[in-house]
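The values are calculated or read from the model by the stated rules, or taken from the named source; none is laboratory data. None of these values were measured; they are calculated from a predicted model. Reconstructed Cβ throughout: ideal geometry from the backbone, glycine too, with neighbour counts over all protein chains shown.
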Amino acid sequence: MNRKNSKNTKWKLFNGSLVAALAITMAPLNIFPQSVKADTNGDIHVQLLGINDYHGQLDTWRSIKDSTGKVVDYSGGIEYLAAYLKEREATNPANTLMIQAGDLVGASPPVSALLQDEPTIRFMNELGFDVGTIGNHEFDEGVAEMKRLIYGGSNPKTEKYEAKYGKFTGSTMDYVVANVVDDKNEPILPPYVVKEVGGAKIGFIGVVTTETPTIVSPKGVEGVKFTDEVAAINKYAKELTDKGVKSIVVLAHNPGSSQADGSNATGRVVDIANATDASVDVIFGAHDHKLLNAKVNGKLLVQSWSYGTAFSDVELTIDPATQDIVEAKAEIVDTLHSKITPDAKIKAELDGYKADIQPITSQVMGETADILTNAANASGESALGNFIADGMKATTNTDFAFMNAGGIRNPLPKGTITWGDLFKVQPFGNDLVTMKITGEQVRTLLNQQFNAPPSYNKIMAIAGLHYTWTDKNDYGKKILDIYLPDGSKIDPTKEYSITVNNFMADGGDGFTILKSGTNRVTSIVDLDGFVNYFKSFKGPVSSTVEGRVQLVEVTPATPVVGEVTNKSTKVTGKAFADALVKVQANGKVIGTTTASTDGSFTVEIPVQKAGTTINVIASDAKLNVSNAQVKVKDVIPPAKPVVNQVDDNDMKVTGKAEAGTTVTVKSGKTVVGTANANYKGTYTVTLTKTLKAGTTLSVTSVDKGGNTSPTVTTKVVDKTAPTAPVLVTKVTSTTTSLVGKAEVGSSVQLKVGKKVYKTISNKKGLFTFKISKQKSGTILYFTAKDKAGNVSKVTKVVVK
């Protein structure tokens with residue numbers, strides 16, 4: 001089977017069709033092309049061309065403006081993306097793979113969406129995409145439709161086009177996802193695939209954000225579970241390395257961004273890079289439509305905006321002997337129209353699809369006076385969001401309307417507006433739902449825009465009210481004041497009628513409070529309501545940012561906090577008048593008080609360990625917050641060290657001291673060695689030479705706060721045996737007086753048969769014994785014992 005007619009690469013597959021193999025086993029794929037020679041230097045050079053968050057944007061162009069706002073270029077469009085990818089592929093045709101990191105489809109414009117995203121899949125097949133993972137939007141219409149797009153099959157909405165395009169056979173790229181399982185905990189798709197390029201095996205593992213169940217309609221994720229991305233990656237990375245695959249690339253539909261120079265890399269992808277095994281070499285990010293090109297924890301991280309306006313060109317250098325990636329670098333390439341000629345064949349095919357839907361999309365709905373942008377200001381409000389929320393409220397005649405920001409996909413251009421333009425703004429086909437909630441539940445709903453931990457703030461478009469919020473407060477307390485159109489504050493106990501879409505009504509995007517709403521009624525499809533509201537305007541439509549959402553940047557004076565030690569039972573300082581002061585340690589409140597009129601405060605606290613971070617938070621009546629942090633200072637000296645016995649043969653001093661302290665051993669004023677006590681509190685100080693018996697050692701330990709323990713002294717013990725005695729006298733059978741030499745002051749013992757004689761050597765080391773005459777052949781045994789009790793070797797003397 002030749003998977004890629006546009007390339008001279010033959011792919012070896014399992015027996016039978018690839019689709020059948022996948023559908024039956026759901027096992028990891030191993031697909032290897034014929035080897036291609038490495039370069040003249042011996043290294044294998046592999047090119048990975050990657051996109052993310054394409055969202056079926058086949059005919060979408062993005063304008064590029066200069067500093068004055070003048071349009072100077074465009075990017076995007078499948079005909080331009082195709083031209084760029086083919087151009088880059090031609091630089092290394094045998095060793096190039098094309099990959100995508102999820103959200104290839106979903107929230108698509110009409111040219112793809114009205115044909116169930118089949119055109120996007122066909123274009124990716126034609127371009128020769130090799131590997132992809134799924135994003136949250138692949139679940140928009142449920143798991144069955146997602147698998148149909150992958151493996152092929154008919155959909156009633158597109159059957160009429162089969163005569164023109166043939167039966168839809170699915171995707172020719174290998175889809176992988178390791179962290180989505182069915183109710184039997186089996187992966188719904190292969191967790192990874194292995195490609196062999198130029199003799200190098202490269203493993204591709206796919207994962208998708210675990211937030212998917214909260215940002216997709218519950219029906220979309222029925223029957224599947226999302227597991228931790230890091231655990232899944234590490235599991236299958238080990239499986240790959242066990243199979244001898246040393247080069248591993250992760251396609252992660254998770255957010256991440258950096259500066260163009262690679263600095264300030266942030267996001268879930270960065271967390272994944274720091275937590276995954278070192279065998280992972282490259283991670284393609286996605287989901288938040290940002291630029292990412294950075295090295296983190298030895299891994300290359302990339303993301304190339306979205307909608308085909310750019311792509312990632314990753315160059316891998318692989319050692320053919322070790323199969324390891326020895327270098328990985330990337331370029332994020334914008335698909336600028338001015339730099340390339342669009343692909344004519346792709347353009348013609350795109351025009352064919354556009355002609356299919358033209359009778360629907362070209363219907364004129366009205367006009368706009370200016371661009372209605374969906375880009376939010378710093379507070380989170382957008383002109384288009386206001387217009388849509390106003391339309392929802394007017395359509396259903398409720399008090400308030402709320403629209404999730406993720407459901408507004410594109411701006412409305414200036415001028416004539418068609419049905420297709422409106423579809424691009426709201427492509428999901430959700431139903432409007434009305435319900436009743438209390439004023440207090442409205443506050444909860446607004447606070448749920450900032451639920452922790454946020455991948456991004458989910459600030460809604462609103463109508464019928466306005467509010468202030470601050471980013472300084474804790475989660476659940478971000479919302480300050482909520483006002484009605486007449487300027488009065490919302491009544492927490494009163495019931496209000498509201499309008500949302502069914503995605504939100506079912507708790508989507510984390511708005512779980514809406515599941516508690518009463519008197520729920522399903523109304524018109526949101527797009528139909530949007531179209532009707534737009535058409536109701538007699539003249540050009542306009543909308544502005546009105547201050548419905550206001551970010552309040554109020555930061556009170558930072559508290560000044562006094563020293564806190566590991567003996568302290570109070571925290572003192574100065575904030576501002578009548579401030580509510582909370583003291584936290586290890587994330588828990590350990591004391592509170594109200595500051596006096598001059599701002600001074602004293603908070604009683606339990607004694608804290610040295611090194612603990614104390615967070616002092618001061619807030620005013622409007623919940624404006626400031627805080628300061630101090631570290632608990634260590635002022636308690638360590639306990640006396642314990643010193644094990646040291647003798648004159650030892651080359652080390654050992655014992656126990658407070659963990660982490662520095663132990664110093666001195667002889668007089670001379671330091672003979674230092675060492676750190678380990679986490680168990682044991683230490684070993686190595687000496688440069690043995691110490692004389694009787695030497696007095698002083699031992700102390702100093703903690704990280706500079707506190708010194710009491711001094712412990714110990715004497716070096718004599719453990720060296722005396723030299724064996726030497727007899728000066730020649731012993732014969734007539735000898736009765738013996739003279740010899742031994743260590744000065746040692747106790748010399750003579751043993752003759754069962755009789756034992758003892759004496760002390762004098763200042764010159766001489767000793768004398770008086771004995772009776774002994775027979776020839778009798779053996780005399782001499783030993784010396786010093787004052788420490790060490791005994792010499794035995795000296796044997798035979799009577800002549």
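When region 728-775 is filtered for residues that are touching a residue at least 40 places away in the same chain (Cβ under 8 Å), assigned to a loop (DSSP other than H, G, I, E, B) and either within 60 Å of the chain's Cα centre (by Cα) or surrounded by 11 or more Cβ atoms within 10 Å (Cβ to Cβ) (or both), the ones remaining, listed by number, are 731, 732, 733, 735, 742, 743, 745, 746, 773, 774.
Would you confirm whether or not region 495-507 contains a residue that is in a loop (DSSP other than H, G, I, E, B) and modelled with pLDDT under 95? Checked region 495-507: at least one residue is in a loop (DSSP other than H, G, I, E, B) and modelled with pLDDT under 95.
Within region 603-630, residues that are under 30 Å from residue 659 (Cα atoms) and modelled with pLDDT of 90 or more have Cβ atoms under 6 Å from residues that are surrounded by 17 or more Cβ atoms within 10 Å (Cβ to Cβ) and acidic (Asp, Glu) in these pairs: 610/634, counting only partners at least 6 apart in sequence or on another chain. Could you please find all residues in region 540-590 being of a type in the set (D, E, K, R) and either surrounded by fewer than 17 Cβ atoms within 10 Å (Cβ to Cβ) or under 17 Å from residue 606 (Cβ atoms) (or both)? Correct list: 546, 553, 563, 567, 570, 578, 582, 588.
Each row is one residue, and each column tells you yes or no for (1) modelled with pLDDT under 50; (2) over 33 Å from the mean Cα position of the chain (by Cα); (3) farther than 29 Å from residue 113 by Cα; (4) aliphatic (A, V, I, L, M).
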{"position": "8", "(1), (2), (3), (4)": "yes, yes, yes, no"}
{"position": "14", "(1), (2), (3), (4)": "yes, yes, yes, no"}
{"position": "34", "(1), (2), (3), (4)": "yes, yes, yes, no"}
{"position": "39", "(1), (2), (3), (4)": "no, yes, yes, no"}
{"position": "45", "(1), (2), (3), (4)": "no, no, yes, no"}
{"position": "61", "(1), (2), (3), (4)": "no, no, no, no"}
{"position": "89", "(1), (2), (3), (4)": "no, no, no, no"}
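Scanning region 153-199 for residues that are within 17 Å of residue 132 (Cβ to Cβ) and polar (S, T, N, Q) returns 169, 171, 172, 179. When region 508-524 is limited to residues that are at pLDDT below 95 and at positive phi, the one that is surrounded by the most Cβ atoms within 10 Å (Cβ to Cβ) turns out to be 509.
Filtering 567, 535 for residues that are closer than 30 Å to residue 582 by Cβ and not hydrophobic (A, V, I, L, M, F, W, C) leaves a single hit, 567.
Taking the stated definitions as given, is residue 595 surrounded by 19 or more Cβ atoms within 10 Å (Cβ to Cβ) and not assigned by TED's automatic domain parsing to the domain that holds residue 469? Yes, satisfied. Could you tell me how many of the residues in region 352-380 are farther than 30 Å from residue 69 by Cβ and exposed (fewer than 14 other Cβ atoms within 10 Å of the Cβ)? Within region 352-380, residues that are farther than 30 Å from residue 69 by Cβ and exposed (fewer than 14 other Cβ atoms within 10 Å of the Cβ) number 5. Yes or no: region 682-695 includes at least one residue that is assigned to a loop (DSSP other than H, G, I, E, B) and under 20 Å from residue 634 (Cβ atoms). The answer is no; no qualifying residue exists. If the condition is being surrounded by 15 or more Cβ atoms within 10 Å (Cβ to Cβ) and farther than 24 Å from residue 704 by Cβ, then region 632-646 contributes only 646.
Put simply, of 335, 341 the only residue that is closer than 30 Å to residue 198 by Cβ, surrounded by fewer than 18 Cβ atoms within 10 Å (Cβ to Cβ) and assigned by TED's automatic domain parsing to the domain that holds residue 136 is 341.
Could we say that residue 606 is in contact with a strand residue (DSSP E or B) (Cβ under 8 Å, 6 or more places away or on another chain), buried (at least 19 other Cβ atoms within 10 Å of the Cβ) and closer than 29 Å to residue 704 by Cα here?
Details: in contact with a strand residue (DSSP E or B) (Cβ under 8 Å, 6 or more places away or on another chain): yes; buried (at least 19 other Cβ atoms within 10 Å of the Cβ): no; closer than 29 Å to residue 704 by Cα: yes.
For residue 606, the condition - in contact with a strand residue (DSSP E or B) (Cβ under 8 Å, 6 or more places away or on another chain), buried (at least 19 other Cβ atoms within 10 Å of the Cβ) and closer than 29 Å to residue 704 by Cα - is not met.
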